[in-house]
Every structure is written in C-alpha cells, then in structure tokens.
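The values are calculated or read from the model by the stated rules, or taken from the named source; none is laboratory data. Nothing here was measured: the structure is a model prediction, and the numbers come from that model. Neighbour counts are summed over all protein chains in view; Cβ atoms, including those assigned to glycine, are modelled from backbone coordinates with ideal geometry. We work out accessible area using only protein heavy atoms, side chains counted, and drop any ligands, DNA or RNA first. Shrake-Rupley method; radii C 1.70, N 1.55, O 1.52, S 1.80 Å.
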Amino acid sequence: QVQPIESGGGLVHPGGSLRLSCTTSGGTFGVYAVAWFRQAPGKEREFDAAITQSGAISGVADSARDRFTITRDESANTVFLRMTNLTPDDTAVYYCAAGRAYSRSRESYTFWGQGTQVAVSS
C-alpha cells in the first residue's frame with residue numbers, strides 16, 4: 001500500500017505556474033498508476049491528469065491540455081504535475097491518487113492524499 005502526500009500548492013497570479021509533487025510515506029509508486037484530480041468549492045472532484053506505472057502513457061483533461069503536464073520520477077518515488085498559464089478557474093484543492101489501473105475515473109483509484117490548495121488570484 002501507498003499513502004500519497006501532495007505538496008507544492010500555493011497562491012499564484014493568473015498566468016503563473018506551479019509544480020505539484022506527490023510522493024508516498026510508504027511503499028513505492030512504481031506498481032501504481034497515478035492521477036491528479038481537483039475539487040473546487042461546491043463542485044465534484046474532477047480529473048486533471050494520469051500516468052501509467054511505466055510512465056509511457058499519460059493523459060490530461062481537455063481543460064488542461066497544453067497547460068498541464070504529468071511526469072513521474074521513479075528514482076525519487078514522486079509524480080509531478082506541472083501547471084502553466086493558470087487561471088482563477090484552476091483554483092481548487094488538488095488531490096493525488098494511486099491505483100492499479102490507468103484511468104480518468106475517480107473510482108479506479110484506491111489510495112488518496114489529503115490534497116494541496118491551489119489559489120489563482122490577482
């Protein structure tokens with residue numbers, strides 16, 4: 001089992017960038033697909049990006065296309081979400097999740113972190 005731990009959130013101006021990190025306090029991410037989801041106040045948790053165990057396949061939501069990139073560094077046991085050209089609509093709590101199958105669905109992920117807050121405001 002793994003316990004995802006997110007970091008890297010914060011306050012950023014519109015047009016700015018952030019890199020979120022997800023590591024684990026136990027186990028290794030290597031056997032899990034990993035995804036990032038966001039949840040804004042009053043909204044459902046929604047998919048942002050996912051990456052397979054090997055890192056060979058990854059995908060991002062249409063709303064994040066050309067702005068977000070997901071990568072993984074197995075030597076550091078960490079998955080990253082690079083976010084650029086942020087807008088106020090990106091304001092949310094961002095969650096890292098790990099599961100056995102690569103998917104864009106929340107239900108496919110078993111292990112979830114506590115989330116990291118991202119706020120985009122001028």
Check your understanding: Suppose every K and R has +1 on its Cβ and every D and E has -1 on its Cβ; what is the size of the dipole of the range 59-122 about the Cα centre, in Debye to the nearest 20?
Key -> 120 debye
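Order 72, 38, most accessible first, counting only protein heavy atoms with a 1.4 angstrom probe.
Details: 72 40, 38 15 Å².
My answer, sorted largest first, is 72, 38.
Which value results for Rg/Rh of the range 72-122 when Rg is the Cα radius of gyration and Rh the Kirkwood radius based on the inverse mean 1/r? Walk me through the numbers before you get to the answer.
Numbers: Rg = 13.1 Å, Rh = 12.9 Å.
Dividing the radius of gyration by the Kirkwood radius yields 1.02.
How much area per residue is accessible in the range 3-120 when the probe is 1.4 Å and only protein heavy atoms are counted (Å²)? Working shown, then result.
Details: 5600 Å² over 118 residues.
Value returned for the range 3-120: 47 Å² of accessible area per residue.
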Exercise for review: Leaving ligands, DNA and RNA out of it, report the carbon-plus-sulfur percent of the accessible area of the range 1-96 at a 1.4 Å probe.
Suggested key: 49 percent
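Order 11-18, 75-82 from most to least packed using the mean count of other Cβ atoms within 10 Å. List each step's numbers first, then the result.
Details: 11-18: 13.2, 75-82: 18.0.
With the highest mean Cβ count within 10 Å placed first, the list reads 75-82, 11-18.
Express the C-alpha Rg of the range 14-122 as a ratio against the empirical globular expectation 2.2 N^0.38 Å, rounded to two decimals.
Details: Rg = 13.0 Å, N = 109, 2.2 N^0.38 = 13.1 Å.
In units of the globular-protein estimate, the range 14-122 measures up at 1.00.
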Point to revise | Globularity index of the range 17-77, i.e. its alpha-carbon radius of gyration over 2.2 N^0.38 Å | key: 1.19
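Relative contact order for the chain: what percent, with Cα pairs under 8 Å and sequence separation of 6 or more? Write out the running numbers ahead of the final one.
Details: 326 pairs, mean separation 43.5, N = 122.
Reported as a whole number, the value is 36 percent.
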Study note, to complete from the structure: The rounded separation in angstrom of the Cα centers of the range 98-116 and the range 26-58 is 6 Å
Check your understanding: Could you give the nm distance between label points at residue 25 and residue 54, where each point is 7 Å from its Cα heading toward the beta carbon?
Key -> 3.3 nm
Review point. Going by accessible area, probe 1.4 Å, with all protein chains left in place, what is the ranking of 66, 48, largest first?
Key: 66, 48
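State to the nearest 20 debye the size of the charge dipole of the chain about its Cα centre, where the only charges are +1 on K and R beta carbons and -1 on D and E beta carbons. Before the final figure, lay out the partial values.
Numbers: 11 positive and 11 negative charges, 15 e Å.
Roughly 80 debye, rounded to the nearest 20.
Round to the nearest 0.05 the FRET efficiency obtained for residue 43 and residue 1 when R0 = 30 Å and r is the Cβ-Cβ distance. Present the calculation step by step, with values, prior to reporting the outcome.
On the way: r = 29 Å, r/R0 = 0.96.
That pair, residue 43 with residue 1, gives E of 0.55.
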